[in-house]
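S.K.: Below is a structure I'd like to ask you about.
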Amino acid sequence: MQVEFKNEPFVNFNVPENKEDFQRALDKVESQLGEEYALIIGGEHITTEKKSKSYNPSQKDECIGIVSQADQELAEKAIQVAAETFETWKHVAPQARSRYLYKAAALMRRSKHEFSAWLVKESGKSWAEADADTAEAIDFMEYYGRQMDQLGQRQPLTRIPTEDNELTYVPLGVGIVIPPWNFPLAIMAGMTTAALVAGNTVVLKPASTTPVIAAKFMEMLEEAGVPAGVVNFVPGSGAEIGDYLVEHPLTRFISFTGSRDVGLRINELAAKPRKGQKWMKRLIAEMGGKDSIVVDKDADLDLAASAITASAFGFSGQKCSACSRAIVHQEVYDEVLAKVVEQTKKLTVGNIAKNEFYTGPVIDEKAYNKVMEYIEIGKEEGKLVAGGVKGPEEGYFIMPTVFADVKEDARLMQEEIFGPVVAFCKADDFDHALTIANNTEYGLTGSVFSRNRAHLEKAREEFHVGNLYFNRKCTGALVGVHPFGGFNMSGTDSKAGGPDYLLLFTQAKLVSELL
């Protein structure tokens, strides 16, 4: 009998034994840096002449791995193999498919520190952030396996005596999975395994900045016995193969997490039918946010300030759920701002392989330049009260940055920065704070700090985000606890880690037989 789902516990790195174990995992990963990784199509490992190097954002000259790159010919091969494999994989019993996820989750749990160490090296996550990423990947596999076990059972229908009626959830077909670099294990694993456990086959195009982590995940799927061709690993540039995969007539769905602009482009391309296409393609998209923490005048100000700091600067603000806007009642604005500035100035930034630092770099030079440009914009739109400068030169480090007195319509309050920058905006009253909170094109996460029950109930109804939190930070959603997805330009509100998610990868079929 399957045990009830429980979230994977986080590692306490204050325990000396845990620190020693993690350091050993880091040492092991460092001994494997610079190795080459092939494409995997139908179980065949394919090395190409064109390759891409992945680098450590904390140490720009350290090569993490060298990854072969697919061209359109290989992308075509991957889709054809996935389509052929689908014809057998779709007939595998749901409970048998879920067992692959349970096996993969067990394997990842045994190598938990190693996966986290790769995250530290390739994505620049702190030990704690990396551990949370790996735990979430395990959670996704355990949770989606159980969800598929339930969907595979006979579904309850209203019964009539003259007919036998049965509702089943059948898979869609070939899916293109395009995961992000900021949760390169958890979200990538969740998107991929949700698709395969539902009976689909996958062409996985990993994020260009974090392909080695995806390659390690593929090794684990092979060890778990996932049949060849069910998941096909096709690294490559978006310009070279991205549109090709999305537009292909055999593509049945696209599962995407990334920027608003790329998501909208995928939506546009997927909406246009191609010659030989027999269906409307389905898009499952999570496209970012511009998230607010609202602080009411009667809130616990210490709690609010700590939540703003943690939500804004964990993983250098590179989360779609990160707090990039603090909207504070005018009566407590100065006090909350002072507390956040004090906490921010205590944060340490550096090579995150050393557990002494709170946070590490942004992901690459492009992100670094973008964030520094926004800091210059912020100097024109508000008052710089913390940070605003570069960190150590050996990596893409930017000190956590706070701007005060930013107008609600300023670019800093409207545009997704995806870096360690938070803007403070003063609200006249609670209604004004909610108006400001809702004035972006996004609608992913938000938090409200208040002791006023009427205000919390008002926010419950009027704060238009997919994940709303009261008196806690706006980051840190747990699988099964906080189904995750947003409104408006934040995507299709797919609610990853929730009971409805697998339905997006299936279609319901009703069979009725006269008795």
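The values are calculated or read from the model by the stated rules, or taken from the named source; none is laboratory data. From a predicted model like this one, the values you see are computed outputs, not experimental measurements. Ideal geometry is used to build each Cβ from the backbone, glycine not excepted, and the neighbour counts take in all protein chains shown.
S.K.: Would you point out which residue out of 207, 214, 270 is touching a Pro at 6+ places or on another chain (Cβ under 7 Å), assigned to a helix (DSSP H, G or I) and modelled with pLDDT of 95 or more?
M.R.: After applying the criteria, what remains is 214.
S.K.: Turning to a different aspect of this structure: Tell me, yes or no, whether region 458-472 has at least one residue that is modelled with pLDDT of 95 or more, within 18 Å of residue 5 (Cα to Cα) and of a type in the set (Lys, Arg).
M.R.: The answer is no; no qualifying residue exists.
S.K.: Report, by residue number, each residue of region 137-196 that is part of a loop (DSSP other than H, G, I, E, B) and touching a residue at least 24 places away in the same chain (Cβ under 8 Å).
M.R.: Across region 137-196, the qualifying residues are 152, 161, 162, 172, 173, 179, 180, 181, 182, 183, 184, 185.
S.K.: Please enumerate the residues belonging to region 420-475 that are free of Cβ contacts under 8 Å to residues at least 40 places away in the same chain and either under 21 Å from residue 490 (Cα atoms) or in contact with an Asp or Glu (Cβ under 7 Å, 6 or more places away or on another chain) (or both).
M.R.: 435, 438, 439, 460, 461, 462, 464, 466, 468, 469, 470
S.K.: Okay, moving on. Spot the failing condition for residue 143; the list is (1) surrounded by 21 or more Cβ atoms within 10 Å (Cβ to Cβ); (2) more than 27 Å from residue 88 (Cα to Cα); (3) of a type outside the set (Gly, Ala, Ser), and only one is missed.
M.R.: (2)
S.K.: A further question follows. Go over the candidates 341, 371, 336, 332 one by one and state the one that is modelled with pLDDT of 95 or more and under 23 Å from the mean Cα position of the chain (by Cα).
M.R.: Result of the check over 341, 371, 336, 332: 371.
S.K.: I've got another one for you. What's the number of the only condition in (1) in a helix (DSSP H, G or I); (2) surrounded by 18 or more Cβ atoms within 10 Å (Cβ to Cβ) that residue 334 fails to meet?
M.R.: (2)
S.K.: Return only the number of the condition from (1) of a type outside the set (Phe, Trp, Tyr); (2) surrounded by 23 or more Cβ atoms within 10 Å (Cβ to Cβ); (3) assigned to a strand (DSSP E or B) that residue 283 does not satisfy.
M.R.: Answer for residue 283: the failing condition is (2).
S.K.: Follow-up. Does at least one position in region 436-451 carry a residue that is assigned to a loop (DSSP other than H, G, I, E, B), in the same structural domain as residue 465 (by TED's automatic domain parsing) and within 20 Å of the chain's Cα centre (by Cα)?
M.R.: Within region 436-451 (the criterion being assigned to a loop (DSSP other than H, G, I, E, B), in the same structural domain as residue 465 (by TED's automatic domain parsing) and within 20 Å of the chain's Cα centre (by Cα)), the answer is yes, since at least one residue qualifies.
S.K.: Taking residue 327 as the residue in question, decide whether it is in a strand (DSSP E or B) and modelled with pLDDT of 95 or more.
M.R.: yes
S.K.: Right, next: For residue 87, indicate whether it is of a type outside the set (Gly, Ala, Ser), over 26 Å from residue 353 (Cα atoms), not in a loop (DSSP other than H, G, I, E, B) and not assigned by TED's automatic domain parsing to the domain that holds residue 360.
M.R.: Judged against the criteria, residue 87 is a match.
S.K.: Scan 237, 208 and give me the residue that is within 18 Å of the chain's Cα centre (by Cα), surrounded by fewer than 23 Cβ atoms within 10 Å (Cβ to Cβ) and either among the charged types (D, E, K, R) or at negative phi (or both).
M.R.: Just one listed residue meets the conditions, 208.
S.K.: Only residues that are in a loop (DSSP other than H, G, I, E, B) and of a type in the set (Val, Ile, Thr): list them for region 482-509, please.
M.R.: Within region 482-509, 492 is the sole residue that qualifies.
S.K.: Another question, if that's okay. Are any residues in region 423-466 in contact with a Phe, Trp or Tyr (Cβ under 6 Å, 6 or more places away or on another chain) and farther than 17 Å from residue 413 by Cβ, and if so, which ones?
M.R.: Listed by number, the residues that qualify are 448, 455, 456, 466.
S.K.: Could you list, in sequence order, the residues of region 457-481 that are in contact with a strand residue (DSSP E or B) (Cβ under 6 Å, 6 or more places away or on another chain) and part of a loop (DSSP other than H, G, I, E, B)?
M.R.: Hits for region 457-481 are 463, 464, 465, 466, 471, 474, 477.
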